[in-house]
1. Tell me which residues, restricted to segment 318-334, are surrounded by fewer than 24 Cβ atoms within 10 Å (Cβ to Cβ), in contact (Cβ under 8 Å) with a residue 12 or more places away in the chain and away from ligand 1 (no atom under 16 Å from the Cβ).
2. Could you list, in sequence order, the residues of segment 342-368 that are farther than 18 Å from Asp404 by Cα, surrounded by 15 or more Cβ atoms within 10 Å (Cβ to Cβ) and away from ligand 1 (no atom under 11 Å from the Cβ)?
3. Of these, Phe339, Phe310, which one is more than 17 Å from the chain's Cα centre (by Cα), touching a residue at least 60 places away in the same chain (Cβ under 8 Å) and either open to solvent by 40 Å² or more (accessible area, probe 1.4 Å) or away from ligand 1 (no atom under 15 Å from the Cβ) (or both)?
4. If we keep just the residues of segment 128-167 that are assigned to a loop (DSSP other than H, G, I, E, B) and either more than 16 Å from ligand 2 (Cβ to nearest atom) or of a type in the set (Lys, Arg) (or both), which is surrounded by the most Cβ atoms within 10 Å (Cβ to Cβ)?
5. Test each condition in (1) in a loop (DSSP other than H, G, I, E, B); (2) at pLDDT below 95; (3) charged (D, E, K, R) for Glu175 and report the one that comes out false.
6. For segment 372-394, check the following and say yes or no: at least one residue is of a type outside the set (A, V, I, L, M, F, W, C) and farther than 19 Å from Glu301 by Cα.
7. Restricting attention to segment 101-114, which residues are modelled with pLDDT of 95 or more and farther than 23 Å from Tyr184 by Cβ?
8. Residue check, Pro237 against (1) outside any strand (DSSP E or B); (2) at pLDDT below 80; (3) open to solvent by less than 80 Å² (accessible area, probe 1.4 Å), all met but one. Which one?
Amino acid sequence: EKKHKVTVVGSGNWGSTISKIIAENTREHKDIFEEEVHMWVYEEDVVIPEESKHYDCSIGDKPQKLTAIINQHHENVKYLPGIALPKNLVANPSLQDAVKDSTILVFNLPHQFIGKVCEQLRGHILPYARGISCIKGVNVTDDGVSLFSEWIGDGLGIYCGALSGANIASEIAEEKWSETTIAYDPPPMDNSRNPTPRTRSPNPGAGGLEPLTELQHRDARGRTSKTKLTAVPPEYPPLDHDTFRALFHRPYFHVQMVSDVAGVSLGGALKNIVALAAGFVDGRGWGDNGKAAIMRVGLMEMVKFGKEFFSKTVRTETFTESSAGVADLITSCSGGRNFKCAKKAVQKGVSVQEIEEQDLNGQKLQGTSTAFEVNSFLKARGLEKEYPLFTAVNDILKGTKKVDDIPNLVADS
Ligand code: NAD
Ligand code: 13P
């Protein structure tokens, strides 16, 4: 029996936290997973901050490679300072080396970087690898809007699910209890704890593997594209809900497995726009009632967007009942980075981007670019007025509307 090798692509605030969770679990489930987990790090030179010098007083102020610091001291001093990472987690600056021989790829980086990363991965991953996208954003092109899980799957010729939830990374890194939602709806050929071993195909795919099967993707315009998939060889434990639960579930990180990949992905992406609006009104000092109104209207627009553009697959319950929906909306509008930066920007009278650069030490907001991307998609279809809150956030970020306009703009919602 072979074991699954796991790689995390990304090492920011959430990327490092998810890597910690995964490495703890591969250590506990050695029958399913190889213990060592690789985390791809976008390499940079970092000066170790004073508060992270607790383990070695000889460390000076000379910049060092972030991967070397992580591998020596088991701490991501730039993006997740103060948190001990498991020793079986290896920081790897080479994308292609990090994913070599991995059957499970976990994508966890700001959405603006995933395009380039996927280009570099093409042809370097196992044909039967499977992915989980932890990215909160949507992929908008001139043609329409698609989910990153689908776009990654399409681009790399693999199946990719999605993980999203009320998951502020710093709290989870400190092992404070939270829930998450993982959507995984794999092709039937993977989906079994079937005691009958799969037989080799008489007409095998790449490398004498299992037969290729087609997976159908559908974009926002209803157009379909087909991805040829290679089945996971039978020597591996099946890649199903049980395996993914084993990989992600911790006593402090409770996993709910579902099949609605579109709902989970859209919840994580769209709530970031709403969190900016919540920050705007909190920054004006309007109190909790105003913020609750923003969340109510925001949730309605999230559901409407899902139903309008992903009607075939999305389930309203994912928005209203799962951690990836309403719970993420609440936590993000209470303590997320998008919320905090928007609030401070209004209080200081500067742009959100300015606060992001000053305060986040290289971490990236997803709400600003998602607001622009969703707006360009809606505008191209003449639908801006149907989504007054999403449109207001775009307009406030661009300076054509004011926070004080929000109540009138969303008045009929
Ligand atoms: P982050 O905000 O900490 O972003 C910084 C990361 O981007 C670093 O790893 C940095 O090395 C990398 N980076 C910078 N320039 C790059 C480049 N040119 N190419 C590739 N990488 C580059 O990232 P994060 O918090 O790990 O967020 C990843 C995703 O997870 C986002 O979609 C975010 O919305 C989502 N998310 C974040 C949190 C959270 O609390 N941080 C929680 C849940 C989900
Ligand atoms: P921010 O990116 O706004 O911090 O949101 C984090 C998050 O997604 C919490 O679930």
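The values are calculated or read from the model by the stated rules, or taken from the named source; none is laboratory data. Small disclaimer: the values here were computed from a predicted structure and weren't measured. Positions of Cβ are backbone-derived with ideal geometry, glycine not excepted, and every protein chain shown enters the neighbour counts. All accessible areas refer to the heavy atoms of the entire protein, side chains included, with ligands and DNA or RNA removed. Shrake-Rupley method; radii C 1.70, N 1.55, O 1.52, S 1.80 Å.
1. Within segment 318-334, just Thr320 meets the criteria.
2. Listed by number, the residues that qualify are Ile355, Thr368.
3. Phe310
4. Once the filter is applied, the top-ranked residue is Lys136.
5. (2)
6. No, there is no match, as no residue in segment 372-394 is of a type outside the set (A, V, I, L, M, F, W, C) and farther than 19 Å from Glu301 by Cα.
7. Phe113
8. Failed condition: (2).
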